[in-house]
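The values are calculated or read from the model by the stated rules, or taken from the named source; none is laboratory data. Since the structure is predicted, the reported quantities are computational estimates derived from the model, not experimental observations. Because the Cβ atoms are built from the backbone with ideal geometry, glycine has one as well, and the counts that use them run over all protein chains shown. When the accessible area is computed, the model is the full protein with side chains, heavy atoms only, and any ligands, DNA or RNA have been set aside. Shrake-Rupley method; radii C 1.70, N 1.55, O 1.52, S 1.80 Å.
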Amino acid sequence: MTGPSCYRFASKGARVRLARIEPTDQEPDIRARPPLVREFLLVAGLFLAYKFGRQAANGHVEEAFRNAGNVWDLERALHLPGEGAVQGLLLHSEPLIHAANTYYAAVHFPATALFLVWLYWRRPRHYVRSRRVLAALTAAALVLHLLFPLAPPRMLAVAGLVDTGQAYGPTVYGQTPATDTMANQFAAMPSLHVGWAVMVAVGLISATRSRWRGLWLLHPAITLFVVVGTANHYWLDALVVVALLAVALAAFRLPASARPVPAQPSGPGVWGSGEGSPVPAYAGGARPATSGTYAGGAR
């Protein structure tokens, strides 16, 4: 086979080969899926331990405000942008403020729970790793909450920020932080809103193969905008939790069996497969033989 038709054949073979190594959506490995009841009890237990731990870290009002002043001064020394610049974008639109407050209050836990449920059902091996990473990240955050109580910027007078939750609603916090029995308002460092959102994005990008999977990064981006704009967190709260997450991801690596492996072409009729390949000798660059001459120049 010579001439343009041969090149067309080689091009078709290349497309076949590329199609074979394109990652595909795999069926879940049922054997890797942990027992459902055990996982439910484990996740619920971890959540309750974290909630009670945060309550145990409540109080320490003077220390929390002293730390807040130090964090604010450190951000200015590092020339980080002021949180007020982000909040100013929200204050131009009351519906936007309501949307941001609702996102802060209503998306954090459900999004993470749905993420774990989907991984458990569709990507069991990814689920085990993600659950371990989230548990380690949350435990590290709880230790920091105990050791470094921090008042959020909405409470810091020098910041000049508006408590958008109290002013516009909705809010998940009581009006008196020191006596709030529902949540510890002095647990700003680090921001688990940001940490969990980043983990959700990283986990879904790793576990899916869609060309649009990078759009999952919108979740942590919006979360960062919301937690800073509503004055619930400092920039440093987000930076610290991302650093902790990076350590947790490095400590709990994805099993090799769960990583995508390109399919190796095999069998006759596939370009580059070796045995039985119908590609002519000159496909790699050698000139085609002329009449009466074999490839390589021998007559």
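A few points about this structure:
- Entirely in the range 187-264, the helices (runs of 4 or more DSSP H) that have 2 or more residues that are within 15 Å of Leu119 (Cβ to Cβ), of a type in the set (Gly, Ala, Ser) and at pLDDT 95 or above: 192-207
- Residue match in the range 152-175 (condition: modelled with pLDDT under 95, open to solvent by less than 20 Å² (accessible area, probe 1.4 Å) and either touching a strand residue (DSSP E or B) at 6+ places or on another chain (Cβ under 8 Å) or of a type in the set (Asp, Glu) (or both)): no
- With respect to being open to solvent by less than 40 Å² (accessible area, probe 1.4 Å) and touching a Pro at 6+ places or on another chain (Cβ under 6 Å), Ala140 falls outside the description.
- Every residue from the range 195-243 that is surrounded by 21 or more Cβ atoms within 10 Å (Cβ to Cβ) and hydroxyl-bearing (Ser, Thr, Tyr): Thr223, Thr230, Tyr234
- Checking each residue in the range 156-167 for being under 29 Å from the mean Cα position of the chain (by Cα) and in a helix (DSSP H, G or I) picks out Thr164, Gly165.
- Among residues of the range 144-159 that are among the charged types (D, E, K, R), those with a Cβ under 8 angstrom from a residue that is open to solvent by 30 Å² or more (accessible area, probe 1.4 Å) and in a loop (DSSP other than H, G, I, E, B), sequence gap 6+ or separate chain, pair up as Arg154/Val162; Arg154/Asp163.
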